[in-house]
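Asker: One structure follows; several queries about it will come next.
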Amino acid sequence: MRKIRENLRTYGGLVAMCTLTAPGEELGLARDREQCTHPEGVRCSGRKFGCRVVPAAAELWNRESRGWWRELNRRAKQRADRAVKRLGQEYKGGLLMYEWELQRRGVWHLHFVLGMETPVERAWAFEYVAALRELGPSCCYGFVDAKPLHSPQPAQRASGYLSKYLAKWKEDGSMEVTEKVLAAGRTLLNYISRNLTAESGITMRVLRDVRLAWAWREGYIPAQVLDAFDLMHALCLLERFSAPPRAP
């Protein structure tokens, strides 16, 4: 959650958060009719009725979907890069981040965030989404929600939306991870553009170092756990995270 918030805060501009879904029954993700609770003739819906994909089909798609996404993203990015270059602009990618979410029907889908602050970023984003829509079925993907391209939002708002899929507050004030995190195991749940992490300096490794720096400062662990430079860097970040926000 911290990685998402800090990196999108570093970007700071307007973004579009779009969605890429798994396919429907037309590409083999048949519904498990024994799990359906709605009357016959009513369209299945995981959200409304708890309908789920046949377990074997869901397992296969979930296992292969990461590889299919890498290929789809590569091809769509190439097309967007070329389109922007034809406009006389040199721009290599406005995909700021993406995050996997487990749908109620039992398969994963993607939320992806595109930079929309400048004209060249917007041109790249529209071309990228158009390519996803055209090429998606050939890579076993389904619907692409492009409406957010027409109503971009502040990056900070998008970070809050994406963070809620990772953890939630309980009534007693404690926090617990969501079903999505538990289902993913050690699978990568989100990706942040290297251009952003290079600017912000915030990666998972750095955040782990900050946690260790806090533990050292509180006297729980010895200083030798971290390299001296890494410890100094982590302590600086810890102070930044702990400082109250500046008044506007």
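The values are calculated or read from the model by the stated rules, or taken from the named source; none is laboratory data. These numbers were taken from a predicted model, which means no experiment stands behind them. Every residue, glycine as well, gets a Cβ built from its backbone with ideal geometry; the counts of neighbours run over all protein chains shown. The protein model used for the area step is the full one, side chains on, heavy atoms only, and it has no ligands, DNA or RNA in it. Shrake-Rupley method; radii C 1.70, N 1.55, O 1.52, S 1.80 Å.
Asker: Across region 100-132, what is the total count of residues that are hydroxyl-bearing (Ser, Thr, Tyr) and buried (at least 18 other Cβ atoms within 10 Å of the Cβ)? If you could, list the steps in order and put the result at the bottom.
Answerer: To start, the set of residues in region 100-132 that are hydroxyl-bearing (Ser, Thr, Tyr) comprises 118, 128.
Within this subset, residues satisfying the condition of being buried (at least 18 other Cβ atoms within 10 Å of the Cβ) are 128.
Adding up the residues that qualify gives 1.
Asker: Here's a follow-up. Pairs needed: first member in region 214-236, over 18 Å from ILE202 (Cα atoms); second member anywhere, part of a loop (DSSP other than H, G, I, E, B) and not hydrophobic (A, V, I, L, M, F, W, C); C-beta distance under 9 Å; at least 6 residues apart or different chains.
Answerer: Close Cβ pairs satisfying both conditions: TRP216/PRO222.
Asker: Could you count how many residues in region 187-196 are open to solvent by 30 Å² or more (accessible area, probe 1.4 Å) and not in a loop (DSSP other than H, G, I, E, B)?
Answerer: Residues of region 187-196 open to solvent by 30 Å² or more (accessible area, probe 1.4 Å): 187-188, 191, 194-195.
Restricting the remaining residues to those that are not in a loop (DSSP other than H, G, I, E, B) gives 191, 194-195.
So the answer is 3.
Asker: Quick one: which strands (runs of 3 or more DSSP E) sit completely within region 67-169 and have at least 3 residues that are touching a residue at least 60 places away in the same chain (Cβ under 8 Å), on the phi < 0 side of the Ramachandran plot and of a type in the set (A, V, I, L, M, F, W, C)?
Answerer: 95-102, 108-115
Asker: A further question follows. Within region 64-72, identify whether any single residue is modelled with pLDDT under 95, touching a strand residue (DSSP E or B) at 6+ places or on another chain (Cβ under 9 Å) and exposed (fewer than 15 other Cβ atoms within 10 Å of the Cβ), and answer yes or no.
Answerer: yes
Asker: Name every residue in region 133-170 that is open to solvent by 50 Å² or more (accessible area, probe 1.4 Å) and among the aromatic types (Phe, Trp, Tyr), in order of residue number.
Answerer: Answer for region 133-170, where residues must be open to solvent by 50 Å² or more (accessible area, probe 1.4 Å) and among the aromatic types (Phe, Trp, Tyr): PHE143, TYR161, TRP169.
Asker: Filtering region 218-237 down to residues that are more than 20 Å from GLU6 (Cβ to Cβ) and in a helix (DSSP H, G or I), which residue is least open to solvent (accessible area, probe 1.4 Å)?
Answerer: ALA223
Asker: Which of the residues that make up region 197-206 are in a helix (DSSP H, G or I) and either open to solvent by less than 30 Å² (accessible area, probe 1.4 Å) or not aliphatic (A, V, I, L, M) (or both)? First the steps, then the outcome.
Answerer: Going residue by residue through region 197-206, those that are in a helix (DSSP H, G or I) are 197-200, 204-206.
THR197, GLU199, SER200, ARG205, VAL206, listed by residue number.
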